[in-house]
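Structure, as structure tokens:
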Amino acid sequence: MTAQELIKRLSELNAGRAPVLLHVREETPDERLTVLTTWHYFEIEHVMFWTDRKRVITIRGVNRMSPKSLQELGLKDEGTVVTGDTLADLPVFGTFTPPPQPGPFRFKLPTDLTTCYEVYDTPTKTPPQRVRLIFDQDHPLEILQSVGGKYNGQPFQTRLSNEERSRGKDKAIVASDWDYLLRALGIQTKPTRLVNGQKVPDNRGYIEATRPLAGREFGGDIRYSWKCDEKRNIRVATVDPQTNQRTGIQEVDSQRGCGNAFYGEDVPNNPDGTKPLEITCQCGALLRAFANLDNLRA
Ligand SMILES: [Zn+2]
């Protein structure tokens, strides 16, 4: 079931109820892929989660009160009315927050690492589950150092799993992103279990090894990648034919991405030396940069 189908089904089920604001987030198991965030208005009362083997769709329902007039609100007045602060400097809400430009960073782990984990299925592996360490808006990494101090003090959201994969040119090393984090923080051994004589990741062990590391610091690089997702409709820029200026972005209903992936070295810098946040794929799709955390170190 796609997010669109799910939304349609949910709205049918909840027809006639009080309006609710839904936050629909769709993620693929490949953590490098873009997270698509869309706001939809529907009539649903519950928080719901939908999971299948391929993707996780989180739906968060927020009840909205039925609107009232100023008189009906019964506002409690305190103090005196004064001229407000300027609104000119407010950041634009609801738009894409660009990730930091690629480069070396130092990060600090959240001061509480008790509720930062998520389990997901890995049916072809032993055990058939892996866990993710999630640094989200409630528990982000804090940037302590960045080139020129540009991002110091800012949060950085990312996620690391303990799903092992082959690394390096000859694929001889098998390790997970989480392994690299543990090593950067001085942990000497991989949390493993013995299953039928074979060493496999110990999911519980990863969490237990990580919890005491709250507030610790480590180094790492942010690198961009751009992926043209074969499972999604592409997005293209709409252009004013007269001025040739971009007027917006449109999803193309029947055209999936071509599967191309681009990495930092593939993509030329902007004239100002920065990496572009958005590139156009050969197939015409607009691709947004995803900021990967890489080369974790002490
Ligand atoms: Zn493409």
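FYI, it's all coordinate maths here, none of it is from the lab. Being a predicted model, the structure only gives us computed values, none of them experimental. Cβ placement follows ideal geometry from the backbone for every residue including glycine, while neighbour counts extend to all protein chains displayed.
In this label model, ASP253 and LYS169 are separated by 5.0 nm, measuring between points 7 Å along each Cα→Cβ vector.
Dipole orientation for the stretch 103-222: of the candidates ILE173, PHE105, PRO191, ILE173 has the Cα lying most toward the positive pole (charges on Cβ; Lys, Arg +1; Asp, Glu -1).
Placing a pseudo-label 7 Å from each Cα along the Cα-to-Cβ vector at GLU217 and ALA261 gives an inter-label distance of 3.3 nm.
Taking the centroid of alpha carbons for each part, the stretch 219-290 and the stretch 132-205 are 27 Å apart. Within the P(r) computed for the stretch 79-198, what percentage of the Cα pairs occupies the region above 18 Å? Within the stretch 79-198, distances greater than 18 Å cover 68 percent of Cα pairs.
Ranked by how many other Cβ atoms sit within 10 Å of their own Cβ, fewest first, the residues VAL236, VAL195 fall in the order VAL195, VAL236. Looking at the square roots a ≥ b ≥ c of the eigenvalues of the Cα gyration tensor of the stretch 226-292, which shape do they give, rounded for a/c under 1.5, prolate if a/b is larger than b/c, or oblate? It is oblate, given that a/c is not under 1.5 and a/b is not larger than b/c. Among 199-209, 221-231, sorting by the average number of other beta carbon atoms lying within 10 angstrom of each residue, highest first, gives 221-231, 199-209. Rounded to the nearest 20 debye, the dipole size of the stretch 110-166 about its Cα centre is 240 debye, using +1 on the Cβ of Lys and Arg and -1 on the Cβ of Asp and Glu.
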